[in-house]
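Rule-based calculations on the coordinates, nothing more; no lab input. Note that the structure is predicted; figures quoted are calculated from it, not measured. Note that each Cβ is placed from the backbone with ideal geometry, even for glycine, and that neighbours are counted across all protein chains shown.
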């Protein structure tokens, strides 16, 4: 662009002065055109030729959890003629913070030579594309460089880092056949007492209830509640309208963190876990078990971003047929309003066991705005928002949705422990 | 390079301003001063449109030439303005690179700018003082040579 700007200025002035000089028959005007003509010729004649440059980028590793360091090496090889000065600029997208090394270089590049730069980045969660680099070539005695963007596409996947969670007690009405940690409401082998039944030959004699036998004269055996695995589906609300966004941060990143932590926790407990990201599209990770599923879910969450689409304005279009009936749903959403409460109530009415994890940015917002605006108005606004939110969450709790109200500045593990663990429930 | 980019163009404009004031053209002198200040702001705020100021300097030079001011101060002002424009643009183009890399480049560029300034200024002086009496055929030859040169230049641009 600047090359054109230079050319236009020099050519325009030269032409204007030459024409004017001829028209007015004044040699001094023509003389004044000489420096502009020289400048124009200088720019045009010294322009370097394009081509002959090969750029390669190596990213190691290219799939990491957020906060890990990544080393990038960018190498330029010159297969053409020597370049007196060669500039190399890495074009980094937002969210990649360089902590060490250089992302640019300006040096002579002889024929057959190479320039290499390396830098270390600590990226935030996300899916990054690094499509090209910008190069600037100055020819021999050239004032203006030849600016090119050379393609060398690379991609980088930065996964959310799940927090370890201590215990989450879920009670879906439907469980799977394999042994796990979810109480199945069925008698059999387990830990917690479930009931008694008549003795049948072959029962373990250690399970005979001798007190009952003494009282009734019939042999009965104790049964314990079976613990099995369950279907758990995590729904991440990625509608931009539901998320609080400001320069200080938003609720989307905490929501992704929460979804990752919950999904990984349920997988580690042996459950079959699926993930639905509900935003401008429905990104559905089919339910599965184990480590492979963990990586699939983290990959999906790495690429998640908040977006709006009119058709998915409210949660009405959650595709419930994807989820087995009476299974466990975990919805991670800050809630956009009363209509969301209605939809969650509907899910509950259909027999799903629903947990709502709701990131709350209010404390952070108050802290960041204290001193910037009128204190009284700030407090009043915060109180109104809090009351409004309280009403929504209490309504949900009344209809049987388990609510985790999570102030985002606090530890997610602690909030979950308080709201969903057996110990937390006992203290509440 | 930093200082050259910042000060060469204003220096040229100030020469033009001084010429204007000396010849009683206060309005033109003031426009030149405004142009100099505008350039500094433009460079410091890293906004585009630097090349447009070259038109301003050229216009001022032309106006002063028509009002009978001396040729040499105007020529000096114009040459400095061109070198300033180039230095300013180069400065912007190398700004993303590390400081030590910029220094090597700047030394070479300043040398180039100095040579270009002296060369183009000298050529302009020569052109003004050269008086040739041409007959038809040599004049036609020179005209055709100039046209061919311009055509080659334009071909390079494309």
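Per-structure values
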{"item": "Nearest-ten-degree value, helix A:27-45 long axis tilted from longest Cα axis of chain A", "result": "40"}
{"item": "Square roots of five times the Cα gyration tensor eigenvalues for region B:19-71, Å", "result": "24, 11, 6"}
{"item": "Contour minus Cα-Cα distance for residue A:425 and residue A:120 (0.36 nm per residue)", "result": "105.3 nm"}
{"item": "Computed lengthening from residue B:107 to residue B:26, 0.36 nm per intervening residue step minus Cα-Cα distance", "result": "25.4 nm"}
{"item": "Antiparallel %, DSSP beta bridges [both residues in the protein assembly as shown], to 5", "result": "70"}
{"item": "Relative packing of peptides A:364-376, A:393-405 - highest average C-beta neighbours within 10 Å first", "result": "A:393-405, A:364-376"}
{"item": "Cβ neighbours within 10 Å from other chains - mean over A:129-138", "result": "1"}
{"item": "Cβ crowding within 10 Å averaged over residues, with A:321-330, B:41-50 ranked highest first", "result": "A:321-330, B:41-50"}
{"item": "Region B:30-158: relative contact order as a whole-number percent, Cα under 8 Å and 6+ apart", "result": "20"}
{"item": "Stokes-Einstein diffusion coefficient of region A:72-112, Kirkwood radius over Cα pairs, 20 °C, 1.002 mPa s, in µm²/s", "result": "181"}
{"item": "Whole-percent pair-distance distribution, where bins are 5 Å wide, for the alpha carbons of region A:53-159", "result": "3, 12, 23, 23, 16, 11, 8, 4, 1, 0"}
{"item": "Calculated FRET value between residue A:321 and residue A:378, using beta carbons and R₀ = 35 Å, to 0.05", "result": "0.15"}
{"item": "Alpha carbon convex hull of region A:319-379, volume per residue in cubic angstrom", "result": "101"}
{"item": "Computed E for residue A:387/residue A:198 - FRET, C-beta separation, R0 35 angstrom, nearest 0.05", "result": "0.05"}
{"item": "Relative counts (whole %) of C-alpha pair distances in region A:179-228, using bins that are 5 Å wide", "result": "5, 24, 26, 20, 15, 7, 3, 0"}
{"item": "Dimensionless Rg over Rh [region A:44-83; C-alpha; Kirkwood]", "result": "1.27"}
{"item": "With 5 Å bins from 0: P(r) over region A:231-427, alpha-carbon pairs, percent", "result": "1, 7, 16, 20, 21, 17, 9, 5, 2, 1, 0"}
{"item": "Principal axis dimensions, largest first and in whole angstrom, of region A:3-45 by Cα", "result": "32, 13, 11"}
{"item": "Highest to lowest packing among B:80-93, A:62-75, scored as the average C-beta count within 10 Å", "result": "B:80-93, A:62-75"}
{"item": "P(r) tail fraction, chain B - alpha-carbon pairs more than 26 Å apart, %", "result": "40"}
{"item": "Neighbouring partner chain Cβ atoms per residue of B:73-81, average, 10 Å criterion", "result": "3"}
{"item": "Residue-averaged 222 nm ellipticity for the protein assembly as shown, from DSSP H runs of 4+ at -39500 (n - 2.57), nearest 500", "result": "-15500 deg cm²/dmol"}
{"item": "Pairwise label distance in nanometres, residue A:54 with residue B:52, each label 7 Å out on the Cα-Cβ vector", "result": "4.5"}
{"item": "Order of A:282, A:176, B:8 - criterion: other Cβ atoms within 10 Å of each residue's Cβ, fewest first", "result": "A:282, A:176, B:8"}
{"item": "Of every Cα-Cα pair in region A:143-285, the percent that sits beyond 18 Å", "result": "72"}
{"item": "Additional length obtainable on full extension of the chain from residue A:82 to residue A:343, 0.36 nm per residue less Cα span", "result": "87.3 nm"}
{"item": "Estimated FRET transfer efficiency (residue A:169, residue A:102; beta-carbon r; R0 56 Å; 0.05)", "result": "0.60"}
{"item": "In degrees, nearest ten, helix A:375-398 long axis to first principal axis of chain A (Cα)", "result": "50"}
{"item": "Residue-averaged beta-carbon neighbours from other chains (10 angstrom radius) around B:119-128", "result": "5"}
{"item": "Proxy reagent accessibility, fewest Cβ within 10 Å first, across B:9, A:86, A:289", "result": "A:289, A:86, B:9"}
{"item": "Value in Å of the Kirkwood radius, where region B:62-101 supplies the Cα pairs that are averaged", "result": "12.2"}
{"item": "Separation in nanometres of the label points that stand 7 Å from Cα toward Cβ, at residue A:224 and residue A:268", "result": "2.4"}
{"item": "Volume per residue that the Cα convex hull of region A:98-141 spans, once the total is divided by residue count, Å³", "result": "99"}
{"item": "Cα shape, region A:101-175, gyration tensor, a/c 1.5 rule", "result": "prolate"}
{"item": "Angle in degrees between helix A:252-268 and the longest Cα principal axis of chain A, rounded to the nearest 10", "result": "50"}
{"item": "With eigenvalues of the C-alpha gyration tensor scaled by 5 and rooted, chain A, Å", "result": "66, 27, 17"}
